[in-house]
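The values are calculated or read from the model by the stated rules, or taken from the named source; none is laboratory data. Computed from a predicted model, the values in this text were never measured in an experiment. So basically every Cβ, Gly included, is an ideal-geometry build from the backbone, and we count neighbours across all protein chains shown.
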Amino acid sequence: MSSNISIRPLTSLPDQDLGRMIFDKTWAMDAGTEITPNLLQAMIHSGAYLSGAFIEGNCVGAAFAFPATTGGLHLHSHMTAVLDKFRDKGIGHALKVDQYKWAKQNNYKEITWTFDPLVARNAKLNILKLGVDISAYYPNFYGDMPDELNAGDESDRVMASLKVVGDAPTPRTAITTPDKSALLIAIPDDIVAIRVKDIAENLRWRRSVRDEFVGALARGGKVVGFSANNEYVVQI
């Protein structure tokens, strides 16, 4: 993480608006907002997590999480976003590490979140840099999404699980020579670029990866890593 990045809680109403601005710019819609001000205030007041990443006093990223009870009490991270021009600078990772430390301070033993299995950048962050496990695959989890980023696609998501056991998440190394017995589920380098140019090609990738993933998990498969060739490495 660059030394000029700072992370801090967003608790006041003006600060909460900074976080909402990040989410609304990331998942832009013709009308409405990702989360209304009154609901966000109620959740923050009731113990939810909201933090912002700042560079030279400007908010360039934000993360939001709330308590959840499915499968036992844990923290569920719903949104983490970084403005386009500030991506690939370690800001998303810094927000997740801050969230991890907050979870530990507040006695959470696990953090979960969903991410799109076709987005290679997110798979690398989650599986390699943060060392998450994949606990489930949910076809079209959110249904139709109205934002520009996801328009026309189906909202498949995998559930990431991160155990809070040490002072920081434990990263993994990309697998360069997968075991011959492993199943490799390939994804494209940049599904977002494909989606913009050819939604039909995007959906072909979506359904192919869905079939492979769901079938592998149904057979007891476990994601053990991510390869240097943009492949989920699944041991069955």
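Some notes on this structure:
- Counted as qualifying within the stretch 132-234 are the strands (runs of 3 or more DSSP E) with 1 or more residues that are within 26 Å of Y108 (Cβ to Cβ), namely 133-138, 157-163, 222-226.
- Whichever residue in the stretch 206-218 is among the hydrophobic types (A, V, I, L, M, F, W, C) and buried (at least 18 other Cβ atoms within 10 Å of the Cβ) and, among such residues, is nearest to D153 (Cα to Cα): V209
- Hey, R195 out of contact with any Ser or Thr (no Cβ under 8 Å at 6 or more places or on another chain) and modelled with pLDDT of 95 or more or not: no
- Flag if Y100 is aromatic (F, W, Y), in a strand (DSSP E or B) and touching a residue at least 60 places away in the same chain (Cβ under 8 Å): no
- Residues within the stretch 103-127 that are assigned to a helix (DSSP H, G or I), hydrophobic (A, V, I, L, M, F, W, C) and within 23 Å of D156 (Cβ to Cβ), tallied: 4
- Selected residue [in contact (Cβ under 8 Å) with a residue 24 or more places away in the chain and within 28 Å of M21 (Cβ to Cβ)] from D179, D153, D133, D189: D153
- Scan of the stretch 209-223 for residues that are farther than 17 Å from D144 by Cα and either within 21 Å of the chain's Cα centre (by Cα) or not small (G, A, S) (or both), ordered by number: V209, D211, E212, F213, V214, L217, R219, K222, V223
- Selected residue (criterion: nearest to D190 (Cα to Cα)) from residues of the stretch 223-236 that are of a type outside the set (G, A, S) and in contact (Cβ under 8 Å) with a residue 60 or more places away in the chain: N230
- Beta carbons closer than 9 Å, at least 6 apart along the sequence or on distinct chains, pair a first residue in the stretch 197-222 that is more than 22 Å from S135 (Cβ to Cβ) with a second that is among the small types (G, A, S) and outside any helix (DSSP H, G or I) for I199/A151; I199/G152; N202/G152; L203/G152.
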